[in-house]
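Chemist: Before I ask anything, here is the structure I am working with.
The values are calculated or read from the model by the stated rules, or taken from the named source; none is laboratory data. In this text, all values refer to a predicted model and were calculated from it rather than measured experimentally. Reconstructed Cβ throughout: ideal geometry from the backbone, glycine too, with neighbour counts over all protein chains shown.
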Amino acid sequence: MSYFDQKEPPKREDRLHACIARGDTICGLANRKGCQYMNEGDRLFTQGSICQLLPALAIMNTFPDSAILVHGAVGCGSCIHSQNAVVKTGNAARGRPAKDGLWFSTALDETDVIGGGEEKLEAAIIEIDRRYRPGNIFVVAACIPALAGDDIDTLVQTLQPRVSARLLPVHCEGFKTRIWATAYDSVYHSLGRNLLNEEGQRMPVLQDELEEIKEEYRRKHTVNVMTVSSMGRTDELELQRLLEALGLSANFFPVYARPEEMYKVTRAALSVSTCPTHDDYLLGYLKEKYGVPYIIGTMPIGIESTGLWIRDVAAFFGLEGQAERLIEQEERELKEALKEFEPIFAGKRALVSAGEIRAFVTAGLLAELGFEIIGIRSFHHDEFADKEYERLAAQTEKDYMVNIANAQPFEEANLIQKLKPDIFLGHWNGNGTAAKLGVPACVIYHTAMNFIGYKGVYEIARRLAKQLKNTAYNRNLSKHVRLPYAQNWYEEDPFKYIRQAGGESHA
Amino acid sequence: MPNFIEKPRYSCALGGALATVTALPDAIPIMHATSGCGGNFTWAQSGGGGLQVGGLCGGLSVPSSNVQEPEIVFGGTDRLAEQIRTTLEVMEGRLFVVLTSCVTDMIGDDVRRTVEELTTPDLPVIAAETAGFKGNSYYGYDAVLQSLFRGFVEKTSKKVRKKVNLWGIVPSLDVFWRGNIEAIRSLLLKLDLDVNTFFARDDSLDRIRTSAAAELNIVVSDAYGVSAARVFEEEHGTPFITLPLPIGPTGTDGFLREIGQVLSIRKNLVEKLIGTENDFFYRYLDPLTDPYNDFDMQRYAVVVGDCNYSYGITRFLSDDLGWIPELAVCTDLPGSNEAETLAERFTHLDSGLRPAFVFETNTSEIIGHLTKRWPGSNGQRYYNAFSPAFVVGSSLDRELAASLGAAHLSISFPVTNRVVLDRGYTGYQGGLHLVEDLLGAIVATR
């Protein structure tokens, strides 16, 4: 039975044996013999990070003509204030009006917690449908409904005939998984169950032989490029450029896709992941149910990784020769352009922190630019990282630290004090620790900037060179502000609080 | 309660409580919550906080028990105790405040007992019940103050003359909180008062600990921190007054007179200060006179804000700037007593204007309230339009402004499109800032 037959997707701890707590080295991880996965350890001391609700909302906010109804306390979904600003810019970049999104909260109170929130949810759905007329309402369950015993799936099913919007239940209970990447599965789960199977209704009534041939041609040359808000429009355009150079066209999915057109993802020759940690759940389903084969390779960030990504796609279509010519020409021009930065980067020591795959491929890119990698922090570990560990271990002369951590900036602060990097690359809201310790920081992900493909390599290099030109902001800051950690914490083993399986801590 | 809130302009009790503890000097919050609460509030600040995120221990640095299914099933107090112990090892602070959340309140964890077992005089640990379902951010602010007053402020029978506490401005959710607190504080210092404001730069935990010696608590809000003031009075016997947030000369004159009267400060001292400050305000306003009149910068206005701003700004526009506010919208839902007090204030503005005032939590409905007040054109040849107009609200009210062809300034949360560090709108200087920012928006494309 498919996962998609269930109301909710499984958590990634179970499906992929993902984990969030480990202190190791790149060679240690690459050479884990006979141990396919790690323990599910956690920490004795933890800091807040995110839950699956946040990335799930980040994706759903991008869908046009849709309302998001968060069924939970009034605070669940406050994160949308930041995401809304991103989506406005994203819409503008795609030639759409830069309008505020439409989101709601059932703002559950004490009465609802005791008596259940189904009645309120029902009233909210009916009223939102009537007053706002969205094409789709994503009904998103936060923590409370699961504990209060609300059955949103049955409610939505019962209610659907009474409303004009299409109702899409999404399960995002924060307490159910430590691996926030489960968010991608939660959204894909809802899209897969509700939006992809509309082919029958969409078939043109009058068949025309020429149109059929055209459609068949289009399908044979279309690649689904999966992106769950992991890249901005400039990144999409770079991948589109590279695919078009091979005579292929790109269908970006699912962010910013119109729900009524999402079925198109079932009509492609191939699906290709742009970040293995994001897409495997849906890609398997697309293959199994709609016969669309897929590739999960690496993330096209960095010279080598971009080449690998292109070669994977090209091999599927038998375009190896064209791909080699494309890669050769792209690399030649890029390397020539990068020469001016070589003296700036040579020997500079870099520490990187981000989501699983992004952290590793960005480290690879930095090594290509001449940086020395002294450590990588990755938000979680699962089997998709194994290939990256091996590539990086083969690339480096010196072994270096790898820390699996769902943010946990206290470990980062300790590591930065010990490792003293010349530059730090961290995720959104993840550069503050380095900054306050006086280390120049460069954001590793931002949808308004370019990171992907050959153009991405050059743009990252340009940003790094700019940031290293004047590091006064963080340097000055570090002289006057402190982090909240006790002085003696910096003397401790950074992984002291990691609890290994069996209950013992690391130290 | 309504069945839903559109684009809520506040977070939950835990969100407000977290921002409040983060803003206290040398305090470390400990969330007893799932892992996502911390990041959720961080992203909310990042989106709506005037580009202020965190603080000494905010953002993703906040200690959190990150409870999961096993704790939901078997109880989370062991995990909390472990988290408190390790927090005391890793973090440097002088006060630790445990904040509970939806799931930990729903499973009934006995947090108080856990905290009592671990608190020490050197490293005090207190707790506040701040489950998201208990209320919004304003509730969380109040809950933290209550817990401070009950568990941290020391009892004293001695009241000190001219010593006062002041609160009612919610850190972070009022994006201009630092500037707003500082400006009021500096005015009260000029009346020779000893002012404890909890979150400002000269405040400290020691001053908070000894705050029970105050002879008066001043709450500069009709709604926020009022329950905490009642708790303070019960616990420590200090009476309180609530006054609207003073913005600009008219509001601040009234504020100072009221304080002077309640504290029996010599009338001429108060009047002298009011005189000097008004001189200052109008001396700085003076050179604006030509442009203000030549460009006809008087505007019709819609004001959208929380309980503090909806009235404070409307009054400034009406009574100081001479604008014509037609509609004021409060996007919060305070209790019925507070709502009544607030609504009543709009009925006696000095200008004699009577703007419509509504409580409305749904952004998209605001235009409807305006249309009721000022009907649209029927295509008649001569139509007295709602123009020139200005919308003072949050960043979410830009679409309303655009639909009216009005200028716009973001003041209430979310403030996405401004950078705010020490700017504030309270007092006389705040009035000047507000003039600068309002008229600055009008001439921005000049």
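Chemist: Going through region B:119-136 one residue at a time, which ones are away from chain A (no Cβ under 13 Å) and within 22 Å of B:I72 (Cα to Cα)?
Modeler: B:A127, B:A128
Chemist: So, in region B:22-75, how many residues would count as being assigned to a loop (DSSP other than H, G, I, E, B) and of a type outside the set (D, E, K, R)?
Modeler: 20
Chemist: Something else now. Restricting the search to region A:365-397, which residues are in contact (Cβ under 8 Å) with a residue 24 or more places away in the chain, more than 18 Å from the chain's Cα centre (by Cα) and in a loop (DSSP other than H, G, I, E, B)?
Modeler: Selection gives A:G370, A:F371, A:T396.
Chemist: Conditions: (1) among the β-branched types (V, I, T); (2) under 30 Å from B:V329 (Cα atoms); (3) over 24 Å from the mean Cα position of the chain (by Cα). B:T252 meets all but one. Number of the miss?
Modeler: The number of the failed condition is (3).
Chemist: Filter region B:95-110 for residues that are over 22 Å from B:G39 (Cβ atoms) and either free of Cβ contacts under 8 Å to residues at least 60 places away in the same chain or surrounded by fewer than 21 Cβ atoms within 10 Å (Cβ to Cβ) (or both) and give the result.
Modeler: Passing the criteria: B:G108, B:D110.
Chemist: Having 3 or more residues that are surrounded by 20 or more Cβ atoms within 10 Å (Cβ to Cβ) is the bar; report the helices (runs of 4 or more DSSP H) wholly within region B:154-248 that clear it.
Modeler: The helices (runs of 4 or more DSSP H) meeting that bar are B:177-189, B:226-236.
Chemist: Same structure again: Out of region A:405-432, which residues are in a strand (DSSP E or B) and either facing chain B (nearest Cβ under 10 Å) or within 16 Å of the chain's Cα centre (by Cα) (or both)?
Modeler: Correct list: A:A405, A:G426.
Chemist: Residues A:L237, A:L168, A:L242: which one is at pLDDT 95 or above, part of a strand (DSSP E or B), over 17 Å from the mean Cα position of the chain (by Cα) and closer than 29 Å to A:I296 by Cα?
Modeler: Of the residues listed, the single one that is at pLDDT 95 or above, part of a strand (DSSP E or B), over 17 Å from the mean Cα position of the chain (by Cα) and closer than 29 Å to A:I296 by Cα is A:L168.
Chemist: Another question about this same structure. For region B:56-80, which positions are among the hydroxyl-bearing types (S, T, Y) and either more than 7 Å from chain A (Cβ to nearest Cβ) or closer than 20 Å to B:C102 by Cβ (or both)?
Modeler: Within region B:56-80, B:S64, B:S65, B:T77 meet the criteria.
Chemist: Okay, next question. I need every pair where a residue in region B:31-54 that is without any contact (Cβ under 8 Å) to a residue 12 or more places away in the chain has its Cβ under 7 Å from the Cβ of a residue that is outside any helix (DSSP H, G or I), sequence separation at least 6 or different chains.
Modeler: Going by the 7 Å Cβ cut-off, the qualifying pairs are B:G36/A:I50; B:G36/A:C51; B:W43/A:C79; B:S46/A:N429; B:S46/B:V53; B:V53/A:N429.
Chemist: Of all residues in region A:138-169, how many are touching a His at 6+ places or on another chain (Cβ under 8 Å) and more than 14 Å from chain B (Cβ to nearest Cβ)?
Modeler: Number of matching residues: 1.
Chemist: Is there a residue in region A:58-73 that is farther than 19 Å from A:V187 by Cβ, modelled with pLDDT of 95 or more and buried (at least 24 other Cβ atoms within 10 Å of the Cβ)?
Modeler: Yes, there is a match, as at least one residue in region A:58-73 is farther than 19 Å from A:V187 by Cβ, modelled with pLDDT of 95 or more and buried (at least 24 other Cβ atoms within 10 Å of the Cβ).
Chemist: Would you confirm, using the coordinates I've provided, whether B:G260 is of a type outside the set (S, T, Y) and buried (at least 23 other Cβ atoms within 10 Å of the Cβ)?
Modeler: Against the criterion (of a type outside the set (S, T, Y) and buried (at least 23 other Cβ atoms within 10 Å of the Cβ)), B:G260 does not qualify.
Chemist: Separate question: Taking the stated definitions as given, is A:K289 of a type in the set (K, R) and either under 19 Å from A:P9 (Cβ atoms) or in contact with a Cys (Cβ under 9 Å, 6 or more places away or on another chain) (or both)?
Modeler: yes
Chemist: Suppose the filter is outside any helix (DSSP H, G or I), within 12 Å of chain B (Cβ to nearest Cβ), under 30 Å from A:I374 (Cβ atoms) and in contact with a Gly (Cβ under 8 Å, 6 or more places away or on another chain); does A:S49 pass it?
Modeler: yes
Chemist: A further question on this structure: Taking region B:90-119 as the region of interest, how many residues are in a helix (DSSP H, G or I) and under 25 Å from B:V153 (Cβ atoms)?
Modeler: Selection size over region B:90-119: 9.
Chemist: Can you tell me which condition A:W180 does not meet? The list is (1) in a loop (DSSP other than H, G, I, E, B); (2) modelled with pLDDT under 95; (3) surrounded by fewer than 16 Cβ atoms within 10 Å (Cβ to Cβ), and all the others hold.
Modeler: Of the numbered conditions (1) in a loop (DSSP other than H, G, I, E, B); (2) modelled with pLDDT under 95; (3) surrounded by fewer than 16 Cβ atoms within 10 Å (Cβ to Cβ), the odd one out for A:W180 is (3).
Chemist: Okay, moving on. How about region A:103-119: which of its residues are more than 13 Å from B:R9 (Cα to Cα) and either aliphatic (A, V, I, L, M) or touching a Phe, Trp or Tyr at 6+ places or on another chain (Cβ under 8 Å) (or both)?
Modeler: A:T106, A:L108, A:D109, A:E110, A:D112, A:V113, A:I114
Chemist: Evaluate the following for A:G77: is it under 19 Å from the mean Cα position of the chain (by Cα) and at positive phi?
Modeler: Taking the combined requirement at face value, the residue satisfies it.
Chemist: Whether any residue in region B:46-55 is within 10 Å of chain A (Cβ to nearest Cβ) and closer than 23 Å to A:F175 by Cα is what I want to check.
Modeler: No, because not a single residue in region B:46-55 is within 10 Å of chain A (Cβ to nearest Cβ) and closer than 23 Å to A:F175 by Cα.
Chemist: Which of the residues spanning region B:1-18 are within 28 Å of B:E399 (Cα to Cα), of a type outside the set (S, T, N, Q) and out of contact with any Phe, Trp or Tyr (no Cβ under 7 Å at 6 or more places or on another chain)?
Modeler: B:M1, B:P2, B:P8, B:C12
Chemist: Sticking with this structure for a sec: When A:P440 is evaluated against the numbered criteria (1) surrounded by fewer than 23 Cβ atoms within 10 Å (Cβ to Cβ); (2) within 28 Å of A:D24 (Cβ to Cβ); (3) away from chain B (no Cβ under 14 Å), which criterion, by number, is the only one it fails?
Modeler: Result: A:P440 fails condition (1) only.
Chemist: If you scan region A:468-482, which residues turn out to be over 20 Å from A:C442 (Cβ atoms) and basic (K, R)?
Modeler: Those that are over 20 Å from A:C442 (Cβ atoms) and basic (K, R): A:K479, A:R482.
Chemist: Exactly one condition in (1) within 14 Å of chain A (Cβ to nearest Cβ); (2) within 21 Å of B:A214 (Cα to Cα) is false for B:L148; which is it?
Modeler: Single failed check for B:L148: (1).
Chemist: Another question, if that's okay. Restricting to region B:10-45, name every residue that is under 18 Å from the mean Cα position of the chain (by Cα), closer than 18 Å to A:I50 by Cβ and either modelled with pLDDT under 95 or more than 7 Å from chain A (Cβ to nearest Cβ) (or both).
Modeler: B:L18, B:A19, B:T22, B:Q45
Chemist: Does B:T87 meet the test of being surrounded by 24 or more Cβ atoms within 10 Å (Cβ to Cβ), of a type outside the set (A, V, I, L, M) and assigned to a helix (DSSP H, G or I)?
Modeler: Yes, satisfied.
Chemist: Something else now. For region B:263-281, give me each residue that is surrounded by fewer than 12 Cβ atoms within 10 Å (Cβ to Cβ) and at negative phi.
Modeler: If the condition is that a residue be surrounded by fewer than 12 Cβ atoms within 10 Å (Cβ to Cβ) and at negative phi, then B:R266, B:K267, B:N268, B:D279 are the ones that fit.
Chemist: Starting from residues that are within 21 Å of B:I218 (Cα to Cα) and of a type in the set (A, V, I, L, M), keep the ones in region B:259-287 and report whichever is farthest from the chain's Cα centre (by Cα).
Modeler: Per the stated criteria, the residue is B:L269.
Chemist: Please name all residue pairs, on different chains or six or more residues apart, with Cβ atoms under 7 Å, provided the first residue is in region A:99-114 and is at the interface with another protein chain (Cβ under 7 Å from one of its Cβ atoms) and the second residue is assigned to a loop (DSSP other than H, G, I, E, B) and modelled with pLDDT under 95.
Modeler: Note: pairs meeting the criteria are A:A107/B:M1; A:D109/B:M1.
Chemist: Right, another one. Run A:C79 past the list (1) more than 7 Å from every other protein chain (Cβ to nearest Cβ); (2) within 26 Å of A:F410 (Cα to Cα) and report the number of the one that doesn't hold.
Modeler: Of the numbered conditions (1) more than 7 Å from every other protein chain (Cβ to nearest Cβ); (2) within 26 Å of A:F410 (Cα to Cα), the odd one out for A:C79 is (1).
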